[in-house]
Structures are given as structure tokens and as C-alpha cells.
Amino acid sequence: MQALALTILVGTMTGTAQSVAQEVELALDDEHTRVKVVPMDGLDAGVFAGGGLFLVCSSTYGQGDVPDNARALYESLKTARPDLASVRYGVIALGDRTYAETFCNGGRRFDALLTELGAKRIGDIMLHDASAGTLPEEIAVGWAREWIELARERARRAA
Ligand SMILES: Cc1cc2nc3c(=O)[nH]c(=O)nc-3n(C[C@H](O)[C@H](O)[C@H](O)COP(=O)(O)O)c2cc1C
């Protein structure tokens, strides 16, 4: 079986999403899955050229915005509007329910935009609530183990 290549794109302000992405990498990277963690800093829509499998791991700031290091990528996708039909993706959205109106909107915004551009989401979005007292790394690793099985199943069906 050919190894799946997974790129985790990280949008973060204070490092939580980066730490989550690293734990997911540790949990998933093996002979069946090659995982690469890439901070969104300086990226544009070109990161999706050629398609593939992606996890968007992003927190939420301001009025339900994507973090500062994710802004250029988000705006580039909105402007360039590439056809992302060959992209499969999942979303790990970090937020805080104290911000009731904008809970996890950073990740949700990426999800809406990627779907709009033709990318296919695998599974449900993972939402983490910082006010719940649970560890985002722990929740994300459990979620990602199931998610990667779904991705594998899709890849098998598409082969
Ligand atoms: C100034 C500030 C604004 C925030 N705004 C939101 C928000 O609008 N919606 C939300 O769900 N979470 C919001 N959060 C919570 C963060 O997204 C959450 O704590 C996240 O885990 C931080 O991850 P990071 O360290 O990767 O940036 C905000 C946090 C701060 C400090």
C-alpha cells in the first residue's frame, strides 16, 4: 500500500494550534502516512496546487477571524479562487465558547472557503472549546486517528 501524504497547515496566534499539529503528526506519522506540519506564515493559494490531503489546524481571533499568520493564505484563496477539486481536507478548529457568536470561526471560515472552491471535506470539523477544560492535543489526536481512517478509505475507493 502506498503511503498517504498529509500536510497539516497551522494557523496560530499563541502556539496552541502548532502544539496540536505536532501531537497529531506524532500520532499519525508512520509507514502508512507521511505527515508534514507547515505554519501558514507566508503561504498563498499555491500550497494547494497539485491537490492532495490536508488538515487545516486553526485558532480564532478578533471578531471570529483567522489568526494573523493565516490571513495571507485566506485572502489569497479568496482572491485567486483556484479550482481545488483535487484537494481532500479536514479541519481542526480551536476556539472558546465564551465567544458565543464567533465560536471556532477561524476554522469554520477555512472550511466554508475550501468547500466553495471545490475541495472535498472528509469527516466533520473538529471543534475545541478552550473554556471546557479539555486538552486540545488529546481531543485532536483521538479525532485525527478516526479521520485518517476515513481518508484512507476514500483513497482506496478512488484508486
Ligand atoms: C484576543 C482573543 C480573541 C479570541 N477570539 C475568539 C473568537 O472570536 N472565537 C473563538 O471561538 N475563540 C476565540 N479566542 C480563543 C482562541 O481561539 C483559543 O484560545 C485558541 O485555543 C488559541 O489557539 P492559538 O494559541 O493556536 O492561537 C480568542 C482568544 C483571544 C486571546
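Any read-out appearing in this document is the output of simple, stated calculations on the displayed coordinates, not a laboratory observation. Values in this document were obtained by computation on a predicted structure and should not be read as measured data.
For this structure, a couple of remarks:
- Two-decimal log10 I(q)/I(0) for the range 99-152, as the Debye equation yields it once each C-alpha is a single scatterer, q = 0.19, 0.28 Å⁻¹: -0.80, -1.15
- ³J(HN,Hα) computed for each position of the range 3-11 - Karplus, 6.51 cos²θ - 1.76 cosθ + 1.60, integer Hz, glycine/proline x: 5, 7, 9, 10, 10, 9, 9, 10, x
- Asp96 long-range amide H proximity, modeled H, under 5 Å: Cys104, Ala130
- Here the 3J(HN,Hα) profile of the range 65-78, calculated from phi with Karplus coefficients 6.51, -1.76 and 1.60 at θ = phi - 60°, is 9, 6, x, 4, 6, 9, 5, 4, 5, 4, 5, 4, 5, 5 Hz, Gly and Pro shown as x.
- Here the sum of -39500 (n - 2.57) over DSSP H runs of 4 or more residues, divided by the residues of the chain, equals -12000 deg cm²/dmol at 222 nm, to the nearest 500.
- Only beta bridges with both residues in the chain are counted; by DSSP, about 5 percent of them are antiparallel.
- For the chain: relative contact order, % (alpha-carbon pairs under 8 angstrom, 6 or more apart): 23
- The average projected area of the range 1-147, computed from the convex hull of its Cα atoms over all directions, is 8.2 nm².
- HN-Hα J in Hz across the range 111-120 - Karplus 6.51, -1.76, 1.60, θ = phi - 60°, x for Gly and Pro: 4, 4, 5, 4, 4, 4, 8, x, 5, 10
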